[in-house]
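Every number in this text was worked out from the coordinates using simple rules, so none of it is lab data. All of these numbers come straight from a predicted model, not from anything done at the bench. Note: ideal-geometry Cβ built from the backbone for every residue, glycine included; neighbour counts use all protein chains shown.
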Amino acid sequence: MKLTGGDIVVRALADEGIRYTFGIPGTHNIELYDALAESDRVHPVLVTDEQSASFMADAHWRASGRLACVNVVPGAGLTHTLSGIAEAFMDNVPLLVLGCGIRQDFKKAYQLHDIDQLAVARPVTKDAFRIERGADLYPEIRRACALARTGTPGPVMVEVPVNLYLARHEVDPSGWEAPAPMPPPVATTEQLDRVAAVLNDPAVRPLVYLGLGAAGAGVDLVALAERLEAPVATTFQGKGVFPESHPLFLWNGFGDAAPPFAREVARGCAGTLAIGCRFSEVGTGSYGLTPPQPLIHVDIDPTVPGRNYPTDIAVAADAGAFVRGLLPRLTRRAANAALRAGIRAGHERVWRDWLARASRDRVTPALLLRSLQQTFGADTIYTTDSGNGTFLAMECLRLDSPGKFLAPVDYSCMGYAVPAALGAKLARPECPVVAIAGDGAFLMTGLELLTAANQGVPIAVLVLRDRELAQIAQFQDTALNRKTASVLPDYDACSLAAGLGVEGLRLGRDADIGPVLAQVRDRLASGRPVLVDVAIDYSEKTYFTSGVVKTNLLRFSWPERLRFIGRAVKRKLLG
């Protein structure tokens, strides 16, 4: 039978379980959009900027584990999405980047949007390739989706030349099927026995360190921690992989960017079992931690263990299979009441300190974040942005499952929170979704509130207003005692929201947190998005910010340290 290229591609997307494509149509892919209009399984979402399209598709997967599609025109459509594609690449998020291409059926030069798209995309994708024949459209798109999910997840770009959309192709749908899945790597019996021998040694008192790659182990991670009676720290992306209400949960990190009690517990450990993590710069607070030795590092990517810290045992394996294979080999340790009491007391002390420093005339971050969890419940998904809001949410929220804290981490791209909230809500409509955006980041992609209003997507967007690029301004103020190009021009966020068809609320002080969040809950229940202009108080630095400043200062030689400190002191004294 004969089908258009658009019909074939839409069928491939639908069979792959992709429910949404995010993008803006153009002259090259109008045939694809026409085919999407006929589909009852794949819905095209019009965005205001293609950068947001990649953030939406990214968060769709992070929230649900279901693949989404970035659907872009040649040239500018692709380059606009690159920030989000690179974020997905650095944070190991699978995406299908469906790029349209110029005509390949005649070789005229200087065609509209003509750049070498595959060369542009290759550095930030697992693979990027062009489909040359109509008969290959279905199997190659299915292959790209499988590749995006296989092994270390990441984005894959497929370029479909416009001439393949314009023509009809002779195909046999009866032979269409998904490619055979590739089994993940598994630990050998010898590796499992070797790891168990180390962990069963009474002299080894391990710290368990978990990244998002450990999520596939599920509840077995709790069994692992309890069998080892080990404190558990996670990376930022791994937040919620281990339930943070558990008495063995330590912190999201354990080095200088963590509170004193977490550092103390980690220093008391002998040995580290790291699973599904990469010891990246952000997650380690600028490499401001030292894993207790010996280090056992398990990751699905064999190139990861040993990259940043010497590894005693490296295992390339799927986390779920590894933990299932290891558990029967471990000797159960007795409960350590002192360890658990110390962790509990440490968390209580942190919260006492936060609340004791409550703001006098603005909104205290810890109180706001605790109130959000009390108001919206355990199923709430939080999206954050690059900067202070991410670190505040990481430190203050307590999550008991993965897929609830969606943040741009290793690429740390501003503008993530608002479009990510849309992608997450479309993926998980039953869950409340709250975006926590800095006022600088909101200026980048806040127009996607128009998309939320148009699509009827009820998300809450909290704009944390300090009228600065908070994280950079704090670094500048601490290290340089002045702020350069990090103070924002003022704007009226509620008026912007009103212009986009979204109600805006103002939250100016702690006493108003409860009443305003109750209004937010009511607006979301009615199916409407809402913006909250929050007069946030950033006067207290996060543990992360303080730790990173300390870590980097100590890397300098003494003459350079004195130069930095002396310059800041001089500027302070001179006003």
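Relative contact order for the chain using alpha-carbon pairs under 8 Å, separation at least 6, rounded to a whole percent?
13 percent
Hey, which of these cross-link pairs are over 24 Å Cα-Cα: Lys2/Lys108; Lys550/Lys570; Lys404/Lys483; Lys2/Lys126; Lys239/Lys483; Lys483/Lys570?
Those over the limit are Lys2/Lys108; Lys404/Lys483; Lys2/Lys126; Lys239/Lys483.
Taking Cα centroids, how far is region 171-202 from region 66-85 in Å?
31 Å
Nothing charged except the Cβ atoms of Lys and Arg (+1) and of Asp and Glu (-1): what's the magnitude of the dipole of the chain about its Cα centre? Round to the nearest 20 debye.
Value, rounded to 20: 1860 debye.
In the chain, if the dipole is taken from +1 on Lys/Arg beta carbons and -1 on Asp/Glu beta carbons about the Cα centre, which of Pro161, Val461, Ile275 is farthest to the positive end?
Highest projection toward the positive end goes to Ile275.
What list do you get for Phe322, Phe279, Phe391 if you sort them by fewest beta carbons within 10 Å?
Phe279, Phe391, Phe322
So what is the relative contact order of region 2-175, in percent, for Cα pairs below 8 Å that sit 6 or more residues apart?
Value for region 2-175: 28 percent.
What does the convex hull of the Cα atoms of the chain come to per residue, in Å³, rounded to a whole number?
Taking only Cα atoms, the chain has a hull volume of 168 Å³ per residue.
How would you rank Val548, Val350, going from fewest to most other Cβ atoms within 10 Å of each one's own Cβ?
Final ranking by Cβ density, sparse to dense: Val350, Val548.
Less than 10 Å Cβ to Cβ from Ala319, Lys/Arg counted +1 and Asp/Glu -1: what total charge do the surrounding residues give?
-2
Non-local amide H neighbours of Ile381 (under 5 Å, H modeled in plane, Pro and chain starts lacking H): which ones?
Val433, Val434
Tally Lys/Arg at +1 and Asp/Glu at -1 over every other residue whose Cβ is under 12 Å from the Cβ of Glu226; what's the total?
Result for the local shell: +2.
Counting only DSSP beta bridges with both residues in the chain, tell me the antiparallel percent, nearest 5.
Just about 10 percent of them are antiparallel.
Output needed: percent of Cα pairs per 5 Å distance bin for region 359-544, bins running from 0 to the one holding the longest distance.
Spelled out per bin, shortest first, that is 1, 8, 18, 23, 22, 16, 7, 3, 1, 0.
Give me the dipole magnitude in Debye, nearest 20, for region 192-289 about the Cα centre, with unit charges on the beta carbon: positive for Lys and Arg, negative for Asp and Glu.
Using Cβ point charges on Lys, Arg, Asp and Glu, region 192-289 gives about 120 debye.
Going highest first, how would you order 40-52, 265-277, 99-111 by mean Cβ packing within 10 Å?
265-277, 40-52, 99-111
Determine the dipole magnitude for region 359-544: charges of +1 sit on the beta-carbon of Lys and Arg, -1 on that of Asp and Glu, nothing else is charged, the reference point is the Cα centre, and the result goes in debye to the nearest 20.
Once rounded to the nearest 20, the dipole reads 140 debye.
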